[in-house]
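Structure record follows, encoded as structure tokens.
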Amino acid sequence: MGETIKKEVNIKDILDLFLTFFKIGLVAFGGGYSMIPLIEKEMVDKRKWIEEEEVLDIFALSESIPGSLSINNSILIGKRVGSILGAIAAMIGTILPSFIIIIIVAMAANTVGNNPVMQAAFVGIRTAVAGLILITGINMARKTIKNKLEIGLFVITIIGVIFMKLNASILILIGGVLGILYNR
Amino acid sequence: MVEIKLFYIFFKLGLLSFGGGYTLIPLIQQELEKQGWMSSSQFHDLIAISEVTPGSVSLNTATYIGYEIGGVLGSILATLGVVLPSLIIITLITSLVMKQKKEGLLDKAFYGIRSVVTGLILSAAFLVGETSLFNESITVNGTNGARNVVNIINGKSLAILILVLFLMKKTKIHPILLILCSGLLGVLMFYIFK
């Protein structure tokens, strides 16, 4: 999460940020976490803008501050690559696809949700997104979850969110406090 | 002007949106009631659409409500309102974060937060796939015996899941392509060959 990339901010990167986040925004079915496999593919693998280890930190920071995950992520990564301009380009790129789609749907008077073809497609899409997040999550867990505290927090989070419908903020707070206490 | 009001209300909401998009929904509903802008059932229909369209549900809801109340200008201002707090806060804190010493308090807190976020990621996988993969909600009827598992899990969705997992692990096919093809598979399996 540390140093900014020390290079000149150039227009090509700003445009690239906008287009990449636009592309990701188009298929981000399921919100912020569905972006993980795409961020890894486009930004870690292809463009080497961020390292794989930093993805978790970016999400951790995004979860800790107000705002939706996808917006916070885009601003953080955009700022890293291209300073304030990059942050704005990435943010607009993320907002635009869903904005356009919602306006179209609203104008077409809500027929999307009830259309049986669309609903069938969404079942397939949700399944795929779940699978992609699953693989990415398991890979990350393999690398980061090692000792008892990490395992404990990891398991508590999963149980808390899935079975007890806990708010993520509480868990983040617990994680932060325990992290400080553990490393005293 | 109603558009300015939209901006202001969603800016306020944006400041309060901690911990996942769904936490904002009841707050939005309260505001709508206060303003008398929308009925409960209208709001619930709107949420349903915001959930299936790409992007975060809180953002989509802001855009949608903005449009219903104030047209295109309303949707622009509502959307800008809800994202501006994030932009401002991140701009302010990133310089702060970079000045933190290594092994400082923030570093230690993040050590724990990372494990929580890893858990959140895997939970997200479950929550996103839950409605597609299971015929009943297993978090409600969680005590079905082993022989009922076959009935609970949707076989067609499971097939898509296995295919996606396999292709993701063994090939370099782009995730976007996998998502779009699964949409087509969905239409094939759940509409054409019902």
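Computed values, structure above
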read-out: Two-site label geometry, residue B:29 and residue A:151: point separation in nm, points 7 Å out along Cα→Cβ; value: 4.0
read-out: Averaged over A:88-100, number of beta-carbon atoms from partner chains that fall within 10 Å; value: 4
read-out: Interchain or long-range residues, amide H under 5 Å from residue B:153's placed H; value: B:135
read-out: Surface per residue (accessible, 1.4 Å probe) for the protein assembly as shown, Å²; value: 47
read-out: J(HN,Hα) series, region A:163-180, from Karplus relation 6.51 cos²θ - 1.76 cosθ + 1.60, nearest Hz, glycine and proline x; value: 9, 10, 6, 5, 6, 4, 4, 4, 5, 4, 4, 4, x, x, 5, 5, x, 5
read-out: Ranked order, A:16, B:45 - accessible area, probe 1.4 Å, largest first; value: B:45, A:16
read-out: FRET E, pair residue A:182, residue B:170, Förster distance 30 Å, beta-carbon r, rounded to 0.05; value: 0.20
read-out: Calculated from backbone phi, Karplus (6.51, -1.76, 1.60) coupling profile of region B:22-35 in Hz, x at Gly/Pro; value: 5, 5, 7, 4, x, 5, 4, 4, 4, 4, 4, 5, 4, 7
read-out: Mean separation of Cα contacts under 8 Å, 6 or more apart, over the residue count of chain B: relative contact order %; value: 18
read-out: Accessible area (Å², 1.4 Å probe, nearest 10) - residue B:77; value: 40
read-out: Separation of alpha-carbon centers, region B:170-194 and region A:43-59, rounded to whole Å; value: 27
read-out: Chains A and B, summed buried accessible surface - 1.4 Å probe, Å², nearest 100; value: 8200
read-out: Straight-distance crosslink candidates among lysines, where the alpha carbon sits under 19 Å from residue B:108 and sequence neighbours closer than 8 are dropped; value: A:143, A:146, A:148, B:99
read-out: With every protein chain in place, chain B: carbon and sulfur % of accessible area (1.4 Å); value: 66
read-out: Chain A, accessible surface, carbon-and-sulfur percent (1.4 angstrom probe); value: 67
read-out: Cα convex hull volume per residue for region A:55-184 (Å³); value: 153
read-out: Sequence of B:64, B:8, B:191 from largest to smallest accessible area, 1.4 Å probe; value: B:8, B:191, B:64
read-out: Region A:36-94: GluC sites (Glu not before Pro) falling in loop per DSSP and having at most 15 other Cβ within 10 Å; value: A:51
read-out: Three-way shape call for chain B based on the alpha-carbon gyration tensor, with the a/c threshold at 1.5; value: oblate
read-out: Inter-chain Cβ neighbour average for residues A:55-66, partner chain, 10 Å; value: 6
read-out: Accessible-area value, residue B:131, 1.4 Å probe, nucleic acids and ligands omitted, Å²; value: 100
read-out: Size descriptor, Kirkwood hydrodynamic radius, that averages inverse alpha-carbon separations across region B:1-111, Å; value: 15.1
read-out: Exposure rank, largest accessible area first [B:95, B:75; 1.4 Å]; value: B:95, B:75
read-out: Relative contact order (%) - region B:2-103, alpha-carbon pairs under 8 angstrom, separation at least six; value: 39
read-out: Choice from A:93, A:25, A:137 with maximal GNM fluctuation in chain A (Cα, 10 Å cutoff); value: A:137
read-out: Peptide A:144-156, shielding by other chains (average Cβ, 10 Å cutoff); value: 4
read-out: Hydrodynamic radius of region B:148-192 per Kirkwood, over alpha carbon pairs, in Å; value: 11.4
read-out: Overall form of the protein assembly as shown per C-alpha gyration tensor (a/c, 1.5; a/b vs b/c); value: rounded
read-out: In region B:31-126, trypsin sites (Lys or Arg not before Pro) in a DSSP loop with at most 12 other beta-carbon atoms within 10 Å; value: B:99, B:101, B:102
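The values are calculated or read from the model by the stated rules, or taken from the named source; none is laboratory data. From a predicted model like this one, the values you see are computed outputs, not experimental measurements. For neighbour counting, all protein chains shown are included, and Cβ atoms are generated from backbone atoms with ideal geometry for every residue, glycine included. Only protein heavy atoms, including side chains, enter the accessible area calculation; ligands, DNA and RNA are left aside. Shrake-Rupley method; radii C 1.70, N 1.55, O 1.52, S 1.80 Å.
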